[in-house]
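Structure record follows, encoded as structure tokens.
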Amino acid sequence: MSSAAFDLTGRVALVTGSSRSIGRTLAEGLADAGATVVLNGVDPDRLEGTRRELADRFGEERIAARAFDVTDEPAVTAAVAWVEKEIGPLRILVNNAGIQHRVPMLDLALADWRRVLETNVTSAFIVGRAAARVMVPRGRGKIVNIGSVQADLARPTIAPYTTAKGGLRNLTRAMTAEWASSGLQTNSLAPGYIHTAMTQNLVDDAAFNDWILGRAPAGRWGRPEDLVGPVVWLASDASDYVNGQTIFVDGGMTVVV
Ligand code: NDP
């Protein structure tokens, strides 16, 4: 197989939560592989700043942005309709938007439990369904759900996050069960501990930082750039017979005790 199988030229990709951190790097990686990218976030100013920076690099016609909340069903429906009308047929969706909330379960409020579940897993259903509604009739499309090592592992203080990411792993399988026969490939990319805004407080915690360096066989935190090769693969023709899988990109953390 030549590298042409990884070429995304002319394909429209929506990356949720791409105004910063991992989502932004994934969006840049997809654009680098040729895709026309639609960025997303909730803060319109941050989103516009990122759009401008990426447009400077890849060209105005290759980078679009749409602010919406991934948990807001009418906003998601309108956003996908806008992409189809203004940008082009949606070919790639990366469900990346997510939040963390670290509180021991005994003290965890129901509203916070619901907020984390809504943002990390219900959103993937809402945006994934909207995307599949335009992809299925065309008989092609790629959906990449951004999971976590917490799809498989638990840790104290992050119960709703662990529950959501485990659910996302099975949602990936459910999407495969229903949409693979229509030519869609749905997979999950599950990062290990990546140094971003979400994990800055953990990097700053000397004990936790030491634990990561010892616990990950790779001996370091992951970088958003470590996820680019795998996401381009899962978004491209090179993964056309890869269905429903969760690919851990974690420096080996989930295979070693
Ligand atoms: P950040 O907190 O750094 O960035 C989150 C992004 O998601 C921002 O662009 C934010 O937009 C957006 N976002 C948050 N809520 C919503 C919403 N309701 N609707 C639309 N956009 C939203 O997160 P990371 O980059 O660290 O994480 C990205 C993904 O990777 C998440 O799914 C996370 O669970 C996963 N992950 C992260 C790991 C890590 O170590 N960092 C490890 C494993 C998985 P805005 O800028 O407008 O707030």
remark   = How many residues of the stretch 173-197 are open to solvent by less than 70 Å² (accessible area, probe 1.4 Å) and either within 10 Å of the ligand (Cβ to nearest atom) or closer than 23 Å to Thr25 by Cβ (or both)? The answer is 12
task = Give the stretch 119-168 a look and list any residue that's touching a residue at least 12 places away in the same chain (Cβ under 8 Å), within 13 Å of the ligand (Cβ to nearest atom) and open to solvent by 50 Å² or more (accessible area, probe 1.4 Å), or say none.
result = Asp152, Leu153, Thr163
key: Which numbered condition Glu53 misses (of (1) more than 15 Å from the ligand (Cβ to nearest atom); (2) in a helix (DSSP H, G or I))   = (1)
task = List every residue pair whose Cβ atoms lie under 9 Å apart, where the two residues are 6 or more positions apart in sequence or sit on different chains, the first residue falls within the stretch 12-27 and is modelled with pLDDT of 95 or more, and the second residue, located anywhere, is within 8 Å of the ligand (Cβ to nearest atom) and basic (Lys, Arg).
result = Val15/Arg24; Gly17/Arg24; Ser18/Arg24; Ser19/Arg46; Arg20/Arg46
request  = Consider Val249 carefully, then state whether it is among the hydrophobic types (A, V, I, L, M, F, W, C), surrounded by 13 or more Cβ atoms within 10 Å (Cβ to Cβ) and within 12 Å of the ligand (Cβ to nearest atom).
outcome  = yes
message = Any residue in the stretch 66-91 that is more than 10 Å from the ligand (Cβ to nearest atom) sitting within a Cβ distance under 6 Å of a residue that is of a type in the set (Lys, Arg) and assigned to a loop (DSSP other than H, G, I, E, B)? List the pairs, counting only those 6 or more apart or interchain.
response = Arg91/Arg11
inquiry  = Anything in the stretch 229-242 that is crowded, with 19+ Cβ neighbours inside 10 Å and in a helix (DSSP H, G or I)? List them, or say none.
reply    = Pro230, Val231, Val232, Trp233, Leu234, Ala235, Ser239
task = Taking Pro89 as the residue in question, decide whether it is open to solvent by 50 Å² or more (accessible area, probe 1.4 Å) and closer than 16 Å to Val15 by Cα.
result = yes
key: Selected residue (only one of Leu26, Leu47 is more than 24 Å from Ser239 (Cβ to Cβ), within 16 Å of the ligand (Cβ to nearest atom), part of a helix (DSSP H, G or I) and not charged (D, E, K, R))   = Leu47
query = Considering the stretch 88-115 alone, what residues qualify as being part of a loop (DSSP other than H, G, I, E, B) and more than 30 Å from Val134 (Cβ to Cβ)?
reply = Gln100, His101, Arg102, Val103, Pro104, Leu108, Ala109
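Hey, could you check the stretch 1-23 for residues that are outside any loop (DSSP other than H, G, I, E, B) and within 16 Å of the ligand (Cβ to nearest atom) and say which is surrounded by the most Cβ atoms within 10 Å (Cβ to Cβ)? Please lay out each step first, then the result.
So the first thing to find is which residues in the stretch 1-23 are outside any loop (DSSP other than H, G, I, E, B), and the list is 3-6, 12-15, 21-23.
If we keep only those that are within 16 Å of the ligand (Cβ to nearest atom) too, we end up with 13-15, 21-23.
Numbers: Ala13: 29, Leu14: 28, Val15: 32, Ser21: 18, Ile22: 28, Gly23: 25.
The extreme case among them is Val15.
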task = Check whether at least one residue in the stretch 200-216 is touching a Gly at 6+ places or on another chain (Cβ under 7 Å), open to solvent by 20 Å² or more (accessible area, probe 1.4 Å) and either without any contact (Cβ under 8 Å) to a residue 24 or more places away in the chain or not in a helix (DSSP H, G or I) (or both), and report yes or no.
result = yes
ask   = Restricting attention to the stretch 27-59, and to residues there that are of a type in the set (Gly, Ala, Ser) and in contact with a Phe, Trp or Tyr (Cβ under 7 Å, 6 or more places away or on another chain), which single residue is most open to solvent (accessible area, probe 1.4 Å)?
value = Ala33
ask   = If you take the residues in the stretch 62-81 that are assigned to a loop (DSSP other than H, G, I, E, B) and open to solvent by less than 60 Å² (accessible area, probe 1.4 Å), which one is farthest from Phe125 (Cα to Cα)?
value = Phe68
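The values are calculated or read from the model by the stated rules, or taken from the named source; none is laboratory data. Since the structure is predicted, the reported quantities are computational estimates derived from the model, not experimental observations. Neighbour counts run over all protein chains shown; Cβ positions are idealised from the backbone, glycine included. Note: areas computed on protein heavy atoms with side chains; ligands, DNA, RNA excluded. Shrake-Rupley method; radii C 1.70, N 1.55, O 1.52, S 1.80 Å.
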